[in-house]
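Inspection log for the structure reproduced underneath, given as structure tokens.
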Amino acid sequence: KSCQTGNISTAEAAVQSHSSRDAAVQADQSEDVVQDLQQEAQVDYPSLVAFLQRVEDAVIKELNKNWQSRAFDGFEVNWTDQNETVLCLHTLAYPEARDQKLHVTSVSWNATGSVVACSYGRLDGGDWSTDKSYVCTWNLDRRGLNPQRPDLVVDVPSSVMSLAFHPSQPSLVAGGLFSGELVVWDTSRREDPVIWRTGMTDDTHTDPVYQVDWLPDAKHRNHARLLSVSTDGKILLWREERDGRLALAEGFAIVAQQIPRSAQLKKFTQGEAAVGVTSLSFSHFDPRVFVVGVEGGYSLKCSTAAETPALHRPGSSVPLRAPAELAFSPHAGPVYSVSCSPFHRNLFLSCGTDGQVHLHSMLQTQPLLALQLSKKYLFCVRWSPVRPLVFAAASGEGVHLFDFAKSSQRPAISIPQATAECPVYCLEFNSRHPQLLAAGDAAGTVKVWQLSSDFTEQGPREVNQLEQLASESTD
């Protein structure tokens, strides 16, 4: 059975008074209140003077001690609210790329810090060179931000393995492809954003380009040259030509036979075989010094000032040089990422398939610290641009934020992935907005995390603590 009331009739009527009148109303003050206000507070002045004279010496003594104290050196009052947690601000994705089950292979922030770009490709087995992929950008400052609809989508005929925004021109972004090519897009041009590319020549990489970077040009202040690294063992520097080509300016090759070996290290692969380069990081203190990670598990200290010709490198239009100066103690598997400290000239981090992060000094082959962060692969590691003791790592389990000020052995916080078996492949701090960290994963999503003030505000003696870490010997 069901019950229903009868229809209720309703009607609307507008009512407005024809005239209005203001009246001021004030409660009368009671006589008691008026008397209380008129009475002056009774103070025993002789007793007050006697008390002040009695405590004067003690108060002056304490004030002088406070004035000479160093207890609050370096302390700054923070008037903003302290964020207590790491919050996920945005979950960005391009539905077509997710439908194709493409991974986010790289993320990059532009020069203003407001736009984040990601590249799509495949990082698992198989020949994905013919797969169509995408580069997508989102402006996080835009009012009508739609996390499922990028501001720009660039179709690319091959998987894009690496991405890097230009350091001073916010609309330029470079990508390294699975095919070995390099492309530079101008995101302000909607119709045809490609402005430079290498094409397929004898100079082009023959393996996927796993990292691209922009280097300041010593001769032209506002210019930057493009650098690429690949598992074909080559590190190449490109210059822009007027006809839209990227031409090879200079290059380096990592050959096993030319890597200086320390007596402490295990036997290195012999011969003139190319050593696959997976990652690279330049020193923030010496523009000639850089560190590379290689498939053999080693990190190598290299120099752009190297003059020795690389062995067995026919076919290149520019003679390639051998840059390796020192090999560091290896990981138990390929190194996937290296990162030089922005706050110390000798420190760098490396990580790889053994789930470890190694903290290295460029002055010795053995790592200062070996941290087992994950039981799965580590794909990326990055020093914080604002906190000397903080770094982030991307793993098969999620994102780990590490703070040496809190612990030298375990992460300060680990952010697990919502779904299992969904590795985080890449992450980047935002140097303009240090509270933002972008991370891309195998599900095709880019998460933008807001970091708490714990990870963005430098303590008073952090640089000193970093110096202590660097000076610790592993003897």
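Okay, here's what the table says:
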| item | result |
| --- | --- |
| Selection count, segment 191-213, where residues are under 25 Å from the mean Cα position of the chain (by Cα) and either among the acidic types (D, E) or over 19 Å from G293 (Cβ atoms) (or both) | 1 |
| Single unsatisfied condition, L320 versus (1) modelled with pLDDT of 90 or more; (2) within 30 Å of Q372 (Cα to Cα) | (2) |
| All positions within segment 143-169 that are part of a strand (DSSP E or B) and of a type outside the set (D, E, K, R) | L152, V153, V154, V156, V160, M161, S162, L163, A164, F165 |
| Some residue of segment 462-471 being assigned to a loop (DSSP other than H, G, I, E, B) and open to solvent by 20 Å² or more (accessible area, probe 1.4 Å) | no |
| D124 being charged (D, E, K, R) and either in contact with a Phe, Trp or Tyr (Cβ under 7 Å, 6 or more places away or on another chain) or buried (at least 17 other Cβ atoms within 10 Å of the Cβ) (or both) | no |
| Residues that are of a type in the set (A, V, I, L, M, F, W, C) and in contact with a helix residue (DSSP H, G or I) (Cβ under 9 Å, 6 or more places away or on another chain), drawn from segment 132-169 | C136, V153 |
| Subset of segment 415-448 that is open to solvent by less than 60 Å² (accessible area, probe 1.4 Å) and of a type in the set (G, A, S) - its residue that is nearest to D124 (Cα to Cα) | A442 |
| Residue list for segment 370-387, restricted to those being open to solvent by 30 Å² or more (accessible area, probe 1.4 Å), over 20 Å from L436 (Cα atoms) and not in a loop (DSSP other than H, G, I, E, B) | A370, Q372 |
| Residue within segment 370-380 that is without any contact (Cβ under 8 Å) to a residue 40 or more places away in the chain and among the basic types (K, R) present | yes |
| Of all residues making up segment 170-206, the number that are touching an Asp or Glu at 6+ places or on another chain (Cβ under 7 Å), open to solvent by 30 Å² or more (accessible area, probe 1.4 Å) and not in a loop (DSSP other than H, G, I, E, B) | 3 |
| Segment 370-425, residues that are more than 14 Å from the chain's Cα centre (by Cα) and among the aliphatic types (A, V, I, L, M) | A370, L371, L373, L378, L389, A405, A412, I413, I415, A418, A420 |
| Yes/no for L451 being in contact with a Phe, Trp or Tyr (Cβ under 7 Å, 6 or more places away or on another chain) and either modelled with pLDDT under 90 or open to solvent by less than 20 Å² (accessible area, probe 1.4 Å) (or both) | no |
| Candidates T278, T269, filtered to the one that is closer than 23 Å to H205 by Cβ, outside any loop (DSSP other than H, G, I, E, B), modelled with pLDDT under 95 and not charged (D, E, K, R) | T278 |
| Residue list for segment 88-103, restricted to those being open to solvent by less than 10 Å² (accessible area, probe 1.4 Å) and either modelled with pLDDT under 95 or more than 18 Å from the chain's Cα centre (by Cα) (or both) | A93, A97, L102 |
| Filtered residues of segment 290-309 (kept if outside any loop (DSSP other than H, G, I, E, B) and buried (at least 20 other Cβ atoms within 10 Å of the Cβ)) | F290, V291, V292, G293, V294, S299, L300, K301, C302 |
| Filter result for T456 (open to solvent by less than 60 Å² (accessible area, probe 1.4 Å), closer than 28 Å to S168 by Cβ and of a type in the set (S, T, N, Q)) | yes |
| Matching residues in segment 388-447 - criterion: being closer than 15 Å to S108 by Cα, among the charged types (D, E, K, R) and either touching a His at 6+ places or on another chain (Cβ under 8 Å) or in a loop (DSSP other than H, G, I, E, B) (or both) | R432, D441, K447 |
| Residue in segment 355-369 that is farther than 28 Å from G233 by Cα, open to solvent by less than 20 Å² (accessible area, probe 1.4 Å), hydroxyl-bearing (S, T, Y) and assigned to a loop (DSSP other than H, G, I, E, B) present | no |
| Condition met for G113 (small (G, A, S) and within 21 Å of Y336 (Cβ to Cβ)) | no |
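The values are calculated or read from the model by the stated rules, or taken from the named source; none is laboratory data. What you see is a predicted model, and the numbers here were worked out from it, not measured in a lab. Heads up, the Cβs are rebuilt from the backbone with ideal geometry, glycines too, and the neighbour counts pull from every protein chain shown. Heads up: the accessible areas ignore ligands, DNA and RNA and are worked out on the full protein's heavy atoms, side chains in. Shrake-Rupley method; radii C 1.70, N 1.55, O 1.52, S 1.80 Å.
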